[in-house]
Every structure is written in C-alpha cells, then in structure tokens.
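Below you'll find the structure, written out as structure tokens, and then a few comments.
The values are calculated or read from the model by the stated rules, or taken from the named source; none is laboratory data. For clarity, every value in this text was computed on a predicted model and none was experimentally measured. For neighbour counting, all protein chains shown are included, and Cβ atoms are generated from backbone atoms with ideal geometry for every residue, glycine included. Heavy atoms of the whole protein, side chains included, go into the accessibility calculation; ligands, DNA and RNA do not. Shrake-Rupley method; radii C 1.70, N 1.55, O 1.52, S 1.80 Å.
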Amino acid sequence: SDFNLLITSRPVFAQRYDYPCLRIQAADRDILSIINNKIPALPYVWEDKDLQITVRREVVVKANGMFLLASLKLWELEHDVTSKADVYEVLASIPASLDNAYHQIFERIGIQGARKKKLALHAIMWI
C-alpha cells in the first residue's frame, strides 16, 4: 500500500540528508495582515499614521517571509516600547536572518532570572 509522508523542518535537515526541499515562507501580504491586526495595540504607533507606514514597511521587508520573526518583533513593539524612539530602535534591531533573531532571543533570555530563563529555554526548544 502507498502512503505519503510530509516532514517539515528547518533547511539544515533537508540539506544534511539530501532530501528534496520545498521552501515555504509567508507572503508579504500575510505578514502585512498580522501587522495591520496588531497596529491598534502598538503604543505610539496607533496614533501616528507616518509611523504606521514605517512599521509596515520595515517589518515586511526585514522579516523576508519569516512569519515568526515578524511576530516576535510585533510582540516587542507591543510590550517593550516606552517612546517613539523605542519604536525606531526596535525596527532598527530587526535581524537579517532567523539565526540572528535566535541569537538576540538567547541574549535576552540570558539576562532573565533563573525561573524565567528555564521557562524561556523550554519554550524555545519546543519551537
């Protein structure tokens, strides 16, 4: 009997074992959709139309199809900013790759207390 099997992973797995690889990534419109849904919750962004345009452009371009990266930066914009300058700083800090994003995440985890660090590491291992 025939069966089909679909395995999803990071590209490293497919390269290591020489399996065919289909790159699946979010389209810009998908990332723009989550940004538009989040804008009302973003301090300092909601009230400034020019800043909304900047956030949309920077997150879409820098996320480069990485939905998780866009989501993480939107979370940061929602929870970690205390001024418009912070918004620009978060936008400037969007990493160029998922590897760089994980590096930033692990740096932030490293400065947490022991319990938060343990919880964060368990969550990262699940992803």
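Observations
- Electrostatic dipole magnitude of the chain [Cβ: Lys, Arg +1; Asp, Glu -1; Cα centre; debye, to 20]: 340
- Net lengthening on full extension, ASN36/ALA96 (0.36 nm per residue, minus Cα-Cα): 19.4 nm
- Estimated FRET transfer efficiency (ARG57, ILE7; beta-carbon r; R0 35 Å; 0.05): 0.50
- Helix axis angle, 114-126 relative to the chain longest principal axis, alpha carbon, degrees: 50
- Accessible area in square angstrom per residue, the chain, 1.4 angstrom probe: 74
- Just the protein heavy atoms count here, and of the accessible area of the stretch 55-127 at 1.4 Å, carbon and sulfur take up 61 percent.
- Value at 222 nm in deg cm²/dmol, rounded to 500, when DSSP H runs of n ≥ 4 in the chain each add -39,500 (n - 2.57): -19500 deg cm²/dmol
- With contacts taken as Cα pairs under 8 Å and at least 6 residues apart, the chain reaches a relative contact order of 19 percent.
- For the set ASP86, ASP50, solvent exposure ranked by accessible area (probe 1.4 Å, protein chains only) runs largest to smallest as ASP50, ASP86.
- Within the stretch 1-110, the GluC sites (Glu not before Pro) that combine a DSSP coil assignment with at most 12 other C-beta atoms in a 10 angstrom radius are GLU47.
- Count of Lys pairs (Cα-Cα under 16 Å; at least 8 positions apart or interchain) in the chain: 5
- Candidate residues MET125, MET66: accessible-area rank, largest first, probe 1.4 Å: MET125, MET66
- Degrees between helix 28-38 axis and first principal axis of the chain (Cα, 0 to 90, nearest 10): 50
- Phi angles across the stretch 101-110 convert, under the Karplus curve 6.51 cos²θ - 1.76 cosθ + 1.60 with θ = phi - 60°, into 3J(HN,Hα) values of 5, 5, 4, 4, 4, 5, 4, 5, 5, x Hz, Gly and Pro given as x.
- ALA123-PHE106 pseudo-label distance in nm [points 7 Å out on the Cα-to-Cβ vector]: 1.8
- Note on ILE111: accessible area approximately 140 square angstrom, rounded to 10, probe 1.4 Å, nucleic acids and ligands left out.
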